[in-house]
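Asker: The structure's right below; bear with me while I get my questions together.
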Amino acid sequence: MKFNTLAKVIGLSFVSTSLIGGSVAIAEENEDDSQKITITGSRIKRVDAEGATPVTVISAEDIKATGLQTVADVLRTSNLNSFGSWGGGANNGWSSQSTVSLKGAGIRYTLVLIDGHRMAKSAVLGGGAANLNTIPTAAVERIEILTDGASAIYGTDAMAGVINIILKRDYEGLQLELSADSPSQEGGDYSKVSVGGGISGQKGSMTFFFEHDERDGIFDRDREYNALTQFPGTDPAVLQSYSTLSTNSRNIWRSSDGSWLGVPMVANGDCTQYNINGESGFHGQYIDADYPDDRVCGYNYTNESGLWSGMARDTFMMNSKYEINDKLEFGFRTSWTSTETKDVSAPSTAFWYFNEDLPGYTTDEGIELTPIFAGDSASYRLNTNGNRVAEHLDILSDVLLTLDGTEDAFDWQATYQYSRNRRNVWGTGYAMTGAIPDLVGTWDAATGRVDGWDPRDPNSQIPAEIRANFDKKDEFVFEEVTLGATFDLAELDAGAISAHIGASAKRESLTSLVDAQAEAGNTAGGNGGSSGENLERDAYAVFTEVLVPVTDELEVSAAVRYDDYSDFGDNTAPMLRMTYRPHDDMLLRASFGKGFFAPTLSDLFRTGSQSFYRVVDLPYYQAVAANAGMTLDAYCDANSCGARETEHHIGGNSLLKAEDSESWNIGFVWDVTEDFNFRIDYWGLEIENKIDELSGGTVLAIQAANPGVDISTLIPGAAIVRLPSNDPTVPGRIDYIDTPTANFGTEKESGADLQIVYKLSTDYGQFRTTLGISHIFEFESIDENGSFDRIGRIGSPSDRANLGINYRTGNHSIDYYSYWIGSQENETNGEVVSSVGSHMEHNLSYTYDSPWDARFTLGVRNLTDEDPEFQVVLGTQTTTWDSNIYSPQGRSVYATATFEF
């Protein structure tokens, strides 16, 4: 790190401090200083826990009462995680990760802290977000969730809010916890053991926690709704009548007449002939409704593919402090997490062009093969290669050193943090696609057979040279030094004017590599590209915050932060907040601030990777509709403009700018009685220059809205590459789409959060009820093609709620926790064309606290065994569901035993 520059920044900070201190009398020490606490969203300690920032607190007891397995699960089911977030899965390299997205804005805009300091970012997520799976549940004292922008306090990432994980300190003794789950459906068995302890003395304290947990994987075939299904009332001869059939099977796309007609590799169309050695993945032939002249084989990938990957995790965390003298305290925190996951996917698909003609013939087994002409292409499922298996090893190490000092006129803190997150992947069962055209056999006219490998023949052995690994290495390193001081500037009638001023310097480094053959695009079936090796950047910041008690009822605070990044530029983020107490039991609050998100190193420099997604080729249908004298909407209403699996090339963009945001919050808090209180906050957030990995569907939609315009002039780096067409008025089939990362458009959203807490004491025991409700009024995306309000549409529920009820009498307690997600629907021309119903899950548990320092819990998670909510399209039930919002785990009975020593 450039420590000479750091020294200048820190020096400037303290020069500013001395100038401010020299011009105004320093306030005398407040008698209540010992009772002041730091609240998430501010660096200035204060007496009142409820202030200008809307902070929701979840205690360790609240976490246990939910019955959920991890901190990540608790946050993901929160009503504040509006549109859901990633919590586990398969087939994408994120199987070890879990994230949270406040206000539905996206995981990158929620900053996660541990004890007020940045949580280590995940290499798997390109350094753009933290992995919540690395937090041991037993180590958590409470979670504070700030639902207001806070870039002026914390810098980048805090545009939508902040989650601060507060760890246990000053703990004495030893704790052992054992837990096990037994699901009612196949897969997903879970077990956990954790050990925690601590010692404390007059000079300091030390706590440690170790946690080991394991979760079995869930396969698509283990859930009926994810297995192969024919939709009710559909034509069994049509490919689109089935839920999980892919045309990436064993098909030929014929180019001899320019039509790119799809035909099976077996001439009689019986695709089940490719099911050998007891396999059952190949089906058909079928009519493709998108291209009615095609006759294709279908492949059911759910026989082999994973739904949730199995996981084994070890986490260690130690937190300590030591009082050097009565004015100086040293703190040390370290954590280490190792996570192993196994990601299983269906066999690879290869695509290639044939170099020469291969006439049709009948094999010795009596299978008639389709003739191939030079220039034809193949989509080929390499099932005899076996499944793709990616074994992931993620290792996170983090160290934080702090010095807290107290002087007569000010308090100060110096911190140093170093974190390193590594991920290595060993992948087998992939395919070396670049070698395939030369490995196809040649026609021998004398024998009337193919000499060598004939890909059409189910009994022809695939050459070993096609088999390949797909190996990856990712590493994200973060290093930061921070200095800051807090002091009183002057004394007013209502109290002291307090200020904080500080500076920081940090360095980020990213290495993201795939093996050489995958980097060259020769390996099929992998996911995730390469960003490069040892990509680095430095960033420096100065920041200040001032708190002014104007009167006994009115308090105003302001903050500003300046950040300078070595790769994309600088940013200034101001913030203004106020609170007004018309009564001791009431509080009105308001805030306004600006924020920013710095593009990650992965955003800037990631090289292209290959993926396959189903997209609707709108420009194609637009041309077909024009030939029929119809508008696109009218044509698609009369005909099925269906989606088709398409190759995508996804990459970064070194020309990205930072995203900018404005946020505001207006809130009301009322403690009606000691046992009944509620609060409501109305908020807004606007993000400009959004950084998005554009989908192929977005690129196609923009091209359709701008016919005749080169798409690269609208989106730099974007391209739609097509195969030749025999009709000049209609585009050819899509070969692939280039979809770069880009600054594209604006998002505007607003909503309200309500929380009610009620406690009741009776002769029969104590009750405590907590209700949280979040409603989003708008979530508007604006770009050059206009605006689109996605709120209430599928994937963006406008409403979420949590309800917790606790009953306790003596050593016995019963906890009920539920979460509810509102319904969603898509409309076209004012009519509902697809919908998703509301969803509610219930967790119930009983706990006995024994008199000999042991606690036993027996509970049921998802009591009514709710499945995910599926889309209904035009009144027809589908099997499509959103894994960010719903879970496939189903009902699970669990037991936990905790022992204190």
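Asker: Per residue and in cubic angstrom, what volume does the convex hull of the Cα atoms of segment 293-341 have? Walk me through the numbers on the way to the answer.
Answerer: Values: hull volume 6.0 nm³, N = 49.
Each residue corresponds to 122 Å³ of Cα convex hull volume.
Asker: Then there's this: Placing unit charges on C-beta atoms (Lys and Arg positive, Asp and Glu negative, everything else neutral), compute the dipole magnitude of segment 714-825 about its Cα centre in debye, rounded to 20. Kindly include the intermediate steps, with their values, before the conclusion.
Answerer: Numbers: 9 positive and 15 negative charges, 109 e Å.
In total the dipole reaches around 520 debye.
Asker: A further question on this structure: Kirkwood Rh over Cα pairs of segment 340-416 into Stokes-Einstein at 20 °C, 1.002 mPa s: D in µm²/s?
Answerer: On the way: Rh = 19.1 Å.
The diffusion coefficient I find is 112 µm²/s.
Asker: Antiparallel versus total DSSP beta bridges in the chain: what percent is that, nearest 5? Could you put the intermediate results ahead of the total?
Answerer: On the way: 347 of 358 bridges.
About 95 percent, rounded to the nearest 5.
Asker: In whole angstrom, how far apart do the alpha carbon centroids of segment 446-524 and segment 571-621 sit?
Answerer: If we compute the Cα centre of each part, the gap is 21 Å.
Asker: Moving on to the next point. For segment 196-270, which trypsin sites (Lys or Arg not before Pro) pass both filters: DSSP loop (anything but H, G, I, E, B) and at most 13 other C-beta atoms within 10 Å? Walk me through the numbers on the way to the answer.
Answerer: Working: sites: LYS203, ARG215, ARG221, ARG223, ARG250, ARG254; in loops: LYS203, ARG223.
Sparse-neighbourhood loop trypsin sites (Lys or Arg not before Pro): LYS203.
Asker: Here's another thing I want to ask about it. Work out which helices of the chain, taken as complete DSSP H runs, extend at least 18 Å along their axis over the Cα atoms and score a mean Kyte-Doolittle of 0.5 or more, then list them.
Answerer: Working: long enough: 3-23 (30 Å, 1.10).
The qualifying helices are 3-23.
Asker: Using the Kirkwood radius built from alpha carbon pairs, what does the Stokes-Einstein equation give as D for segment 487-624 at 20 °C and 1.002 mPa s, in µm² per second? Can you show the working numbers first?
Answerer: On the way: Rh = 20.1 Å.
In µm²/s, the coefficient is 107.
Asker: Contour minus end-to-end for ARG891 and GLU831, with contour as 0.36 nm per residue of separation and end-to-end as the Cα-Cα distance?
Answerer: On the way: separation 60, 0.36 × 60 = 21.60 nm, distance 3.55 nm.
The span from ARG891 to GLU831 would gain 18.1 nm if fully extended.
Asker: Another question, if that's okay. Which pairs, out of LYS64/LYS327; LYS121/LYS342; LYS192/LYS759; LYS321/LYS472; LYS321/LYS506; LYS327/LYS594, put more than 28 Å between their alpha-carbon atoms?
Answerer: Working: LYS64/LYS327 37 Å; LYS121/LYS342 22 Å; LYS192/LYS759 32 Å; LYS321/LYS472 39 Å; LYS321/LYS506 24 Å; LYS327/LYS594 36 Å.
Listed pairs above 28 Å: LYS64/LYS327; LYS192/LYS759; LYS321/LYS472; LYS327/LYS594.
Asker: Still on this structure, please answer the following. For segment 209-259, what is the Kirkwood estimate of the hydrodynamic radius, computed as the reciprocal of the mean inverse distance between distinct Cα atoms, to one decimal in Å? If you can, show how the numbers build up before the last one.
Answerer: Working: mean 1/r = 0.0661 Å⁻¹.
The answer is 15.1 Å.
Asker: Give me TRP664, TRP426 sorted ascending by neighbouring Cβ count inside 10 Å, so fewest comes first. If you can, show how the numbers build up before the last one.
Answerer: Values: TRP664 17, TRP426 13.
Ranked by crowding around the Cβ, least crowded first: TRP426, TRP664.
Asker: For segment 650-750, what is the Kirkwood hydrodynamic radius in Å, using each pair of distinct C-alpha atoms? It would help to have the intermediate numbers written out before the result.
Answerer: Values: mean 1/r = 0.0583 Å⁻¹.
Taking the inverse mean of 1/r over all distinct Cα pairs, segment 650-750 comes out at 17.1 Å.
Asker: If you don't mind, there's one more thing I want to ask. If we sort 614-627, 763-776 on the protection proxy, mean other Cβ atoms within 10 Å, highest first, what's the order? Walk me through the intermediate numbers first.
Answerer: On the way: 614-627: 19.3, 763-776: 16.6.
Packing order, densest peptide first, comes out as 614-627, 763-776.
Asker: Here's something else I'd like to know. Using the Cα centre of the chain as the reference point, and only Cβ charges (+1 on K/R, -1 on D/E), how large is the resulting charge dipole? Debye, rounded to the nearest 20. Could the numbers behind the result be given before it?
Answerer: Details: 64 positive and 130 negative charges, 174 e Å.
Dipole magnitude for the chain comes out near 840 debye.
Asker: Would you mind classifying segment 537-690 by shape? Square roots of the alpha carbon gyration tensor eigenvalues, ordered a ≥ b ≥ c; an a/c under 1.5 is rounded, otherwise it is prolate if a/b is larger than b/c and oblate if not.
Answerer: oblate
Asker: Okay, moving on. Nearest 0.05, what FRET efficiency do LYS45 and TYR758 give at R0 = 30 Å with Cβ-Cβ as r?
Answerer: Working: r = 30 Å, r/R0 = 1.00.
According to the calculation, E is roughly 0.50.
Asker: Return the whole-Å distance between the Cα centroid of segment 261-284 and the Cα centroid of segment 657-723.
Answerer: 44 Å
Asker: I need the semi-axes of the equivalent ellipsoid of segment 76-178: take the C-alpha gyration tensor, multiply each eigenvalue by 5, square-root it, list largest first in whole angstrom.
Answerer: So the equivalent ellipsoid measures 23, 19, 13 Å along its semi-axes.
Asker: Put +1 on the Cβ of every Lys and Arg and -1 on every Asp and Glu Cβ in segment 153-271; which of ILE199, PHE210, GLY161 then has its Cα farthest towards the positive end of the dipole?
Answerer: Working it through, the farthest residue towards the positive pole turns out to be GLY161.
Asker: May I pose another question? In straight Cα distance, which aspartates and glutamates are under 13 Å from LYS168, not counting same-chain residues fewer than 8 positions off?
Answerer: GLU61, ASP115, GLU141
Asker: Counting other beta carbons within 10 Å of each Cβ, put GLU831, GLU144, GLU645 in order, fewest first. It would help to have the intermediate numbers written out before the result.
Answerer: Values: GLU831 8, GLU144 21, GLU645 13.
Sorted ascending by nearby Cβ count, the order is GLU831, GLU645, GLU144.
Asker: Could you state the per residue volume, in Å³, of the convex hull enclosing the Cα atoms of segment 387-447? It would help to have the intermediate numbers written out before the result.
Answerer: Numbers: hull volume 6.3 nm³, N = 61.
Here the figure is 104 Å³ per residue.
Asker: Tell me the volume per residue, in Å³, of the convex hull enclosing the alpha carbons of the chain. All intermediate terms of the calculation are to be shown ahead of the outcome.
Answerer: Numbers: hull volume 152.8 nm³, N = 901.
Looking at the chain, the number lands at 170 Å³ per residue.
Asker: Report the dimensions of segment 123-189 along its three principal axes from the alpha-carbon atoms, largest first, rounded to Å.
Answerer: Projected onto the principal axes, the Cα atoms of segment 123-189 cover 45, 39, 23 Å.
Asker: Projecting each Cα onto the charge dipole of segment 572-634 (Lys/Arg +1, Asp/Glu -1 at the beta carbon, about the Cα centre), which of LEU601, ALA573, ALA634 comes out farthest on the positive side?
Answerer: ALA573
Asker: Still on this structure, I have one more. Separation of segment 372-400 and segment 131-167 by C-alpha centroid, Å?
Answerer: 35 Å
Asker: Another question about this same structure. So for CYS636, CYS297, fewest C-beta neighbours within 10 Å to most, what's the order?
Answerer: On the way: CYS636 19, CYS297 31.
The fewest-first ordering by Cβ neighbours comes to CYS636, CYS297.
Asker: Please compute the Kirkwood hydrodynamic radius of segment 797-847 from all pairs of different C-alpha atoms, in Å with one decimal. Write down the numbers at each step before the final one.
Answerer: Numbers: mean 1/r = 0.0749 Å⁻¹.
Averaging 1/r across every pair of different Cα atoms and inverting gives 13.4 Å.
Asker: Hey, another quick one. Output wanted: per-residue J couplings in Hz (rounded whole) for segment 650-662, from phi through Karplus 6.51 cos²θ - 1.76 cosθ + 1.60, θ = phi - 60°, x for Gly and Pro.
Answerer: Listing the rounded values in order: 10, x, x, 7, 6, 9, 5, 9, 5, 7, 10, 9, 10 Hz.
Asker: Another question, then. How much mean residue ellipticity at 222 nm does the chain get from its helices, if each DSSP H run of length 4 or more adds -39500 (n - 2.57) and you divide by all residues, to the nearest 500 deg cm²/dmol? List each step's numbers first, then the result.
Answerer: Working: 11 runs with 82 residues, N = 901.
Result for the chain, helices only: -2500 deg cm²/dmol.
Asker: Given segment 183-333 reduced to its alpha-carbon atoms as identical point scatterers, what log10 I(q)/I(0) does the Debye formula return at q = 0.13, 0.21 Å⁻¹?
Answerer: Ignoring solvent entirely, the Cα scatterers give -0.75, -1.21.
Asker: Further question on the same structure: Can you give the direction-averaged projected area of the convex hull of the alpha-carbon atoms in segment 769-901, in nm²?
Answerer: Details: hull surface 45.7 nm².
Answer in nm², one decimal: 11.4.
Asker: With N set to the number of residues, divide the alpha-carbon radius of gyration of segment 106-230 by 2.2 N^0.38 Å and report two decimals. The partial results should precede the final answer.
Answerer: Values: Rg = 19.0 Å, N = 125, 2.2 N^0.38 = 13.8 Å.
For segment 106-230, the normalised Cα radius of gyration is 1.38.
Bear in mind these aren't lab numbers, they're just calculated from the coordinates by the rules spelled out. Because the structure is a prediction, the values reported are computed rather than measured. For neighbour counting, all protein chains shown are included, and Cβ atoms are generated from backbone atoms with ideal geometry for every residue, glycine included.
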